[in-house]
Every structure is written in structure tokens, then in C-alpha cells.
Amino acid sequence: MTDQARCPVNRVRALMLTCILLALGSGAEAANRLKVRAIALTNGQAVLDVNGHPRKLLVGQTSPEGIALKSASVAEAIIEIDGRTQTLKLDGHISDAFSRGEAAKIVRLMPGSGGHYYADGQVNGGAVHFIVDTGATRVVLNKHMARQIGVQYRVDGRPGRVETASGVTAAYYLTFDRVQIQSLGLTNVDGIVVDGDYPSVALLGQSFLNRLDMQRKGNLLELRER
């Protein structure tokens, strides 16, 4: 075969090799893209979904993908990727250009002290710290919590009695206009205000929980809007 006959063949082979290298390069670039989502947050700790893999990080730790957790609270996590700092809300996500996504109507909680699940939320717009209590039939506040957020329980409520650890106590049955934890909010939620010091932490009971889909995934408790 002459040199003139070999040249087109060589050019075709070179072109094919270039195409293969470009394809490999594109695949490697796609593989290196990070899709990061916060699926659970507590003070000092975050569980991130990185390209479909759960990564549990304490503040100061770095994931195998190079994502460093700078700070974390129940509301947000601050992470660092390739020298760039990003703020990530619960169930928000960053992808490719690291633009934050919209929050979904879902809440994921990690167990706290004693294995219980806690969540910061609101009742009628006032800040309340909840413990998830599947044994409570309603959302329950004590008189101090109710007064602090402006709930007129003696005016709006129906008087009754409830049994507490310290005995039978006066209570008022009423309907809260809105109860919310993180991105999940429900209206017209049945509640009780105990006219005493019980409970020390507001109870997020079944009048709220049974209107959601609730599922345990390992240690994670997932609450999802129906």
C-alpha cells in the first residue's frame, strides 16, 4: 500500500481515537458533577445525599467527594466545595453550578436525646419546640407556651381535664389555626392547652401526624405531605 493510500486510513483512525477520547472525557466530567441534597439537619451535624449516597457529617468533617461541613443547625447547613461556600436548606439541593433548589414538602428528623425526635416549629405563627409523640392524640402545649405565643386558650378553648404525670389537671380543648414544622404546615389542628407546667416540651401528636405520611428509615423519621 502506498503512503497516499495509507493517509486516509490514518486520518480515519485518528478521528475515531479523538471521538473516543472526547466521549471518555465527557463521561468523566459527568461523573465528577456533584448533586448534593440535605436530607436531615441537627445542630452540629448533617446528613447529605451526594449523588445518591448518604453522607453523615459532623461539623469539620469532609465527605469522600470533598464536601466539607462548615456549620449545621436545624434550619440549614453551610458546606464548602472546591473552595466555594454554599448555604443549604433542608431538602434544598445544589447541582452542577451549585444553584440551590426549592424546598420540598417533606421533613426528615434524626433522633435526639433519649432517642426522641424533636423539631422546631410554630403554632399560630408563634415559635414552639416540639417532641414527636405518637401516643398523644392532639398537639399539646402547657399554659406558659400558650401565653408566650398569644393563644387565648381560656377564651377560645373548651374546659376539660387531662391526666398528667403529676395527676389530673385542668386543660382546654381548642383548634389551632395553623401548626407548622419546617416546610410542613397544616391548618385547623386539634390541640390541648394544659393549665399547668406539663408538658415541658410541646407534644406533636396525632391530630398533626395522622394527616401526614410518616415512615422510619433506619434512624431517620420522615414526615411527608400527602
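The values are calculated or read from the model by the stated rules, or taken from the named source; none is laboratory data. Nothing here was measured: the structure is a model prediction, and the numbers come from that model. Virtual Cβ from ideal backbone geometry, glycine too; neighbours counted across all protein chains shown.
Would you pick out the residues in the stretch 131-173 that are more than 29 Å from the chain's Cα centre (by Cα), among the hydrophobic types (A, V, I, L, M, F, W, C) and assigned to a strand (DSSP E or B)?
Once the filter is applied, which keeps residues that are more than 29 Å from the chain's Cα centre (by Cα), among the hydrophobic types (A, V, I, L, M, F, W, C) and assigned to a strand (DSSP E or B), the stretch 131-173 yields Val162, Val168, Ala170, Ala171.
Restricting the search to the stretch 170-199, which residues are at pLDDT 95 or above and of a type in the set (Ser, Thr, Tyr)?
Tyr172, Tyr173, Thr175, Thr187
Please go through the stretch 42-58 and pick out each residue that is free of Cβ contacts under 8 Å to residues at least 60 places away in the same chain and either surrounded by 16 or more Cβ atoms within 10 Å (Cβ to Cβ) or over 18 Å from Val74 (Cβ atoms) (or both).
Kept after step one, since they are free of Cβ contacts under 8 Å to residues at least 60 places away in the same chain, are these residues of the stretch 42-58: 43-44, 46, 48-58.
Those that are free of Cβ contacts under 8 Å to residues at least 60 places away in the same chain and either surrounded by 16 or more Cβ atoms within 10 Å (Cβ to Cβ) or over 18 Å from Val74 (Cβ atoms) (or both): Ala46, Leu48, Asp49, Val50, Asn51, Gly52, His53, Pro54, Arg55, Leu57.
Scan Ala75, Ala97 and give me the residue that is closer than 18 Å to Leu223 by Cβ, out of contact with any Leu (no Cβ under 6 Å at 6 or more places or on another chain), at pLDDT below 85 and not assigned by TED's automatic domain parsing to the domain that holds Gly218. Even if it seems obvious, please write down each step before you answer.
Working: Ala97 fails: closer than 18 Å to Leu223 by Cβ.
Only one candidate qualifies: Ala75.
Before we move on, is Leu212 of a type in the set (A, V, I, L, M, F, W, C), in the same structural domain as Tyr117 (by TED's automatic domain parsing) and touching a helix residue (DSSP H, G or I) at 6+ places or on another chain (Cβ under 9 Å)? Spell out the reasoning first.
Values: of a type in the set (A, V, I, L, M, F, W, C): yes; in the same structural domain as Tyr117 (by TED's automatic domain parsing): yes; touching a helix residue (DSSP H, G or I) at 6+ places or on another chain (Cβ under 9 Å): no.
Judged against the criteria, Leu212 is not a match.
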